[in-house]
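Peer 1: Next up is a structure, given as C-alpha cells.
Bear in mind that the values in this text are calculations on the coordinates, not laboratory data. These numbers come from a predicted model, not from an experiment. Cβ sites come from the backbone with ideal geometry, for glycine too, and all protein chains shown count toward neighbours.
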C-alpha cells in the first residue's frame with residue numbers, strides 16, 4: 001500500500017509539474033490518434049452513407065464484413081500494416097515503418113470500420129424516420145444520405161469521438177508498427193506497457209491518469225453532443 005501511495009504521489013507530481021517526457025508522449029498520442037480519426041472520418045462517413053442507400057449484389061456480405069471488422073483485434077491490424085510496410089511488403093518503398101506515419105495508418109484502419117458501420121446505421125435510421133421529404137425532391141440517394149449526415153451533426157460528432165476513444169486507448173497496433181522508439185513513436189499506451197515492465201511505476205501511473213482523463217473528456221463530450229442532439233430534436237417539433 002505504501003509503494004502504491006508513493007507511486008501515486010509521484011505520478012500526480014509528474015502531471016502537475018508538466019514533465020517533459022509525459023508531455024511529449026501525450027502530444028504524440030493526440031496527434032497520431034487525431035490524424036487517424038480525421039482520415040477515417042473522410043472515408044468512413046462516405047462509405048457508411050453509401051452502404052446505407054446502395055443496393056447491389058454482395059451488399060449484405062459487405063455489411064456483415066464491416067460489422068465483423070468492428071471486433072478486429074488491434075494486434076491483427078498492426079500485423080497487417082507491418083507486412084504491408086515492411087521492406088519486403090508492397091508498400092515497403094514508402095520507408096515509414098517505425099514512424100508516426102505508420103502508426104496513423106494502423107489506427108486509421110482500426111477505427112475506419114467503427115466510423116463506417118455507425119454512420120451507416122445512423123443514415124439508415126434517419127432516412128427511415130425523416131427521409132420522405134428528401135426523396136420527394138428527387139435527390140440522388142447518396143446525396144440524400146450525405147445531407148442526413150450533415151443534419152445529424154451531433155450524432156456524427158458522437159461517432160467520431162467514439163472512434164477517437166478507441167484509437168487513443170489501443171496499444172497493439174501502434175506497438176507493432178511504431179516500435180515504441182523513445183522520443184519518436186512512444187505514445188501513452190505503449191509507454192505505460194514499457195515503463196511498467198521496467199518498474200518505473202510513477203511515470204506509467206501518471207500516463208494512466210492522463211489517459212483516464214482523456215477518455216473521461218471524450219465521454220463527457222459524447223454526453224454533451226447527445227444532449228445537444230436531443231435539444232435540436234425537441235426544438236424541431
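Peer 1: Could you work out the relative contact order of the chain, using alpha carbon pairs under 8 angstrom and six or more residues apart, expressed as a whole percent? Intermediate values should be presented prior to the final figure.
Peer 2: Details: 290 pairs, mean separation 72.1, N = 237.
Once normalised by length, the contact order is 30 percent.
Peer 1: Then there is this: For the pair residue 83/residue 60, report the inter-label distance in nm, with labels modelled 7 Å from Cα in the Cβ direction.
Peer 2: 3.0
Peer 1: Cβ neighbours within 10 Å, averaged per peptide: list 154-167, 203-216, 53-66 in order, most packed at the top. If you can, show how the numbers build up before the last one.
Peer 2: On the way: 154-167: 22.6, 203-216: 18.7, 53-66: 11.5.
Top of the packing list down: 154-167, 203-216, 53-66.
Peer 1: Could you compute the FRET efficiency for residue 228 and residue 72, with r as their C-beta to C-beta distance and R0 at 25 Å, rounded to 0.05? Intermediate values should be presented prior to the final figure.
Peer 2: Values: r = 31 Å, r/R0 = 1.24.
So the FRET efficiency works out to roughly 0.20.
Peer 1: Could I ask something else about it? What is the chain by shape, rounded, prolate or oblate, if you read a ≥ b ≥ c off the alpha carbon gyration tensor as root eigenvalues and call it rounded for a/c under 1.5, prolate for a/b larger than b/c, and oblate otherwise?
Peer 2: On the way: a/c = 2.99, a/b = 1.57, b/c = 1.90.
The shape class here is oblate.
Peer 1: Can you give me the distance in nm between label points at residue 2 and residue 142, each placed 7 Å from the Cα along the Cα-to-Cβ direction?
Peer 2: 6.8
Peer 1: Let me ask something else. Can you give the calculated 222 nm mean residue ellipticity of the chain, where each DSSP H run of n ≥ 4 adds -39,500 (n - 2.57) and the sum is split over every residue, rounded to the nearest 500 deg cm²/dmol? Intermediate results must be reported in sequence, preceding the final value.
Peer 2: Numbers: 11 runs with 189 residues, N = 237.
Value at 222 nm, helices only: -27000 deg cm²/dmol.
Peer 1: Alpha carbon centre of segment 22-50 versus segment 171-185: separation in Å?
Peer 2: What the calculation gives is 16 Å, centre to centre.
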